[in-house]
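The values are calculated or read from the model by the stated rules, or taken from the named source; none is laboratory data. Please read all numbers here as calculations on a predicted model, not as lab measurements. Cβ placement follows ideal geometry from the backbone for every residue including glycine, while neighbour counts extend to all protein chains displayed.
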Amino acid sequence: MFTEFLTKNEFSDKYIQLFTIRFTIGNLEMEDEKTEITIPERSIEMYNNMNAFL
């Protein structure tokens, strides 16, 4: 990532967004290891989980 082109606020916002995505995926995989995350039925659960972490 080209951090020199981002302001401090932009960098921290992008970092938090990427962290919440990765944290949500890891959290949902631990909860139910048999179900894939890419199925559409899990999208609402992922969206709600990401908003809770933000």
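In table form, for the structure just shown:
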read-out: Test set (1) modelled with pLDDT under 80; (2) of a type in the set (D, E, K, R); (3) part of a helix (DSSP H, G or I) - Arg22 fails condition number; value: (1)
read-out: Every pair of residues 6+ apart whose Cβ atoms lie under 9 Å, when the first sits in the stretch 43-54 and is under 12 Å from Asn27 (Cα atoms) while the second is assigned to a loop (DSSP other than H, G, I, E, B); value: Met46/Ile37
read-out: Residues (surrounded by 14 or more Cβ atoms within 10 Å (Cβ to Cβ) and not in a helix (DSSP H, G or I)) located in the stretch 25-54; value: Ile37
